[in-house]
Every structure is written in structure tokens, then in C-alpha cells.
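Notes for the one structure printed next.
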Amino acid sequence: MRKQSFIAQLNRQKWSFLFIAPAVILFAVFVLGPLVASFYWSFTEYNGIHAPRWVGLANYSNILFHDQRFWHSIRNTVFYTVCVIPPGVILALLLAIAIDQKIRFKSFFRIIYFIPAVTSVIALSVIWKWMFAGEKYGLINHFLLAAGFKPVDWLMSPTYTLPAIIIMSIWAGLGYNMILFLAGLQTIPTTVYEAADIDGANLWDKFRYITLPLLKPTMVFVVVMGVIASFQVFERIYIMTESEFGIGGVLDSALTVVAYLYDMGFRRFQMGYASALGYIVFAVVFLITLINIKFIKTKVEY
């Protein structure tokens with residue numbers, strides 16, 4: 001009886017399945033299929049031309065215990081994340097609070113700060129690569145020379161390559177995070193601030209005891225998505241550091257883990273090794289996301 005009811009329900013919904021079929025097929029072919037294939041390849045030695053050769057856990061073992069370049073890319077990625085997320089979140093929150101005030105041209109400022117978020121990462125990276133150009137050709141060095149300082153070879157120096165990309169990333173992410181914080185600020189009831197005014201609270205007290213606690217759901221989202229994006233950063237690394245010698249800058253000074261995955265898979269054609277790298281990156285990002293949610297997320301009550 002229950003089986004007949006289930007079949008009848010399917011018959012009633014058959015046109016719904018027909019409409020969602022194209023999306024399901026595309027997902028299976030371009031997402032699910034590659035995921036399953038790459039998982040299998042992660043246990044093989046595969047160069048994209050010859051048939052995969054099963055090697056078991058050898059790829060994972062080599063990455064975790066013998067691959068110093070992998071651990072170097074992890075350190076660079078962690079450094080990038082630590083240097084981008086806290087300043088980016090703080091600056092975006094301050095901008096959101098400033099724009100949320102009763103000021104003129106509020107919509108204009110929102111648009112100006114949000115433009116980098118809707119601009120192609122490739123276009124932004126090309127512009128910033130020109131700005132960081134060495135000697136007297138880059139815009140930043142032009143200002144340094146005008147101020148009496150020596151020019152810096154930003155993208156050809158192991159010391160300055162990654163910090164230069166970090167500066168660009170903080171700037172590029174401000175608008176998106178600002179809009180999220182603005183949305184969060186507008187969900188806070190004005191009656192809470194009015195009650196605080198009656199109790200004699202100053203601006204700092206209202207920010208510390210009202211704004212920050214009630215913005216924690218937004219903060220969780222911004223931090224978690226920022227960490228995920230930082231561990232997946234690739235385009236700006238590729239565009240700003242790629243040369244005939246490889247990707248990641250001089251002495252791999254800006255080599256991040258996804259850039260290393262690309263280098264192994266599409267420059268050295270070690271597809272099996274790169275697939276194992278991909279799943280290790282997934283495990284790391286998943287673990288960090290769980291930690292972020294556990295330590296940042298709290299219950300918010302009005």
C-alpha cells in the first residue's frame with residue numbers, strides 16, 4: 001500500500017522531475033562526475049595521457065610526510081589568511097558603521113566601495129600588478145620616488161611579494177564584507193540603542209555590548225567565508241606571480257596551496273598527485289570551518 005502511494009506520488013510529480021532534469025544532469029556531469037573521478041585518481045599515478053596506475057595511499061603519504069613544498073604552501077596560505085581576514089573584517093565593519101550613519105550620499109559610498117566586489121578578479125589583479133611594477137614603472141613606486149624613497153621591486157622580491165598580494169586582497173574584499181555588515185546592522189532594533197541612551201551608555205558601550213554581540217551571526221558568516229576564500233585563493237596569485245619559471249613568485253614566496261595544486265596538475269601533469277592535494281585541502285578547510293563555527297557562533301537574544 002505504501003509502495004503504491006509512493007508510485008502515485010511520483011506520477012503526480014513527473015513534470016517537476018522533467019523540469020529539474022537538465023540541472024541535475026549538468027550537476028552530475030560537471031560536478032559529481034569530476035569529484036568521483038578525482039577521488040579515484042588521488043589513489044593513482046596519473047599524468048592525463050596514460051592509464052592511471054593504482055598506488056594506494058602513496059600520494060597522500062608523500063604529500064603529508066615528504067613534500068616540503070606542500071608544507072611551504074600551507075605556511076604561506078595560513079600567513080595570507082591571518083593577514084587578510086582580521087584587518088579585512090575590522091575595516092569592513094568600521095566602514096559599514098560609518099556608512100550606516102545619517103550621512104549624505106550614502107548610496108554613492110555604498111556603490112563606490114562595492115565596485116571591486118563585482119569587478120573581475122582577473123581585471124583587479126592585472127591593475128594591481130601594474131601598480132606594483134618594479135623600478136619607476138609602477139604607480140606605487142612612482143609615489144615612493146616622489147616622496148624621496150627608493151623604489152621597491154614588489155613582485156620580484158621574496159620579502160614583498162606575498163605582502164603586496166595581501167594588500168590587494170584586503171582592498172578587494174572590503175566592499176563585499178561591508179555590505180554584509182550593513183545588512184546585519186540594519187537588523188538590530190533601534191529600540192535597543194534607545195534603551196541604552198536612556199541608561200546613559202556612551203558610543204563605545206553601545207558598540208561593545210550591543211552592536212558586536214548582535215552582529216555575531218553576520219561575523220560568523222563573514223569569517224567562515226573569508227577563511228574558505230583565503231584557502232582557495234588562486235587567480236591573483238597566478239596573475240601576479242606567474243612567469244616562465246613557475247607560479248608563486250621568487251623562491252615560492254607567494255605559493256599558496258591551490259596554486260601548488262595547479263602547478264602539480266596542469267604544469268607538471270601529475271594529476272593523481274594534484275587530486276590528492278585537492279582532497280587534503282578540502283579536509284583542512286572543512287576542519288577550520290568547523291572550528292570557526294564552534295568558537296565564534298553563539299546564541300543571540302534580543
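Relative protection proxy for 96-109, 159-172, from highest mean packing down: 159-172, 96-109 (other beta-carbon atoms within 10 angstrom).
Sorted into 5 angstrom bins from 0, the C-alpha pair distances of region 203-302 split as 2, 12, 16, 15, 14, 10, 9, 7, 7, 4, 2, 0 percent. Report the FRET efficiency, 1/(1 + (r/R0)^6), for Gln186 and Ala37, where r is their Cβ-Cβ distance and R0 is 41 Å, rounded to 0.05. Efficiency, rounded to the nearest 0.05: 0.35. Centre-to-centre separation between the Cα atoms of region 166-180 and those of region 204-254: 9 Å. Dipole check for region 168-302: with +1 at the C-beta of Lys and Arg, -1 at the C-beta of Asp and Glu, and the Cα centre as origin, the magnitude is about 340 Debye.
Among the protein heavy atoms of the chain, carbon and sulfur supply 70% of the accessible surface, probe 1.4 Å, non-protein parts ignored. Under the simplified labelling scheme, the Trp130-Leu18 pair shows an inter-label distance of 5.3 nm, with each label point 7 Å from Cα along Cα→Cβ. Per-residue Karplus couplings for region 124-138, computed as 6.51 cos²θ - 1.76 cosθ + 1.60 with θ equal to phi - 60°, are listed in order as 4, 5, 5, 5, 5, 5, 5, 5, 8, 4, x, 6, 9, 8, x Hz, Gly and Pro entered as x.
Scoring 223-229, 274-280 by mean Cβ neighbours within 10 Å over their residues and listing the highest first yields 274-280, 223-229. Entry note, the chain: the mean residue ellipticity at 222 nm calculated from DSSP H runs of n ≥ 4, each adding -39500 (n - 2.57), is -21000 deg cm²/dmol after division by the residues and rounding to the nearest 500. For the peptides 286-294, 134-142, 174-182, the ranking by mean Cβ contacts within 10 Å, running from highest to lowest, is 174-182, 134-142, 286-294.
Pairs of Lys residues in region 147-302 that lie 8 or more places apart, or on two chains, and have C-alpha atoms under 22 angstrom apart add up to 6.
Here are some values of mean projected area of the Cα convex hull in nm²: [x] 25.2; [y] 16.1; [z] 17.9. Which one was computed from this structure? Among [x] 25.2; [y] 16.1; [z] 17.9, the one calculated here is [x].
Karplus-based coupling profile of region 57-73, in residue order and whole Hz: 8, 4, 4, 5, 5, 5, 5, 6, 10, 10, 9, 5, 5, 4, 5, 5, 5, with θ = phi - 60° in 6.51 cos²θ - 1.76 cosθ + 1.60 and x standing for Gly or Pro. Averaging the sequence gap over all C-alpha pairs within less than 8 Å and six or more residues apart, then dividing by the number of residues, gives the chain a relative contact order of 26 percent. As a calculated quantity, the FRET efficiency between Lys150 and Leu251 at R0 = 25 Å, using C-beta atoms, amounts to about 0.70.
Scanning residues 5 or more positions from Thr44 or on other chains, those with amide H under 5 Å from its amide H are Val55, with H placed 1.01 Å from N in the peptide plane. Heavy-atom accessible area with a 1.4 Å probe sorts Val29, Val89, largest first, into Val29, Val89. Subtracting the Cα-Cα distance of Leu139 and Asn202 from 0.36 nm times their residue separation leaves 18.4 nm of extension gain. With R₀ set to 45 Å, the beta-carbon distance separating Val121 from Ser5 gives a calculated FRET efficiency near 0.35. Phi-derived couplings, Karplus 6.51 cos²θ - 1.76 cosθ + 1.60 at θ = phi - 60°, listed residue by residue for region 210-227: 10, 4, 4, x, 7, 8, 4, x, 5, 4, 4, 4, 4, 5, 4, 5, x, 5 Hz, with x used for Gly and Pro.
The values are calculated or read from the model by the stated rules, or taken from the named source; none is laboratory data. Note that the structure is a prediction, hence the values are computed from the model and not measured. Cβ sites come from the backbone with ideal geometry, for glycine too, and all protein chains shown count toward neighbours. For the accessible areas, the whole protein counts, side chains as well, though only heavy atoms, and no ligand, DNA or RNA atoms are used. Shrake-Rupley method; radii C 1.70, N 1.55, O 1.52, S 1.80 Å.
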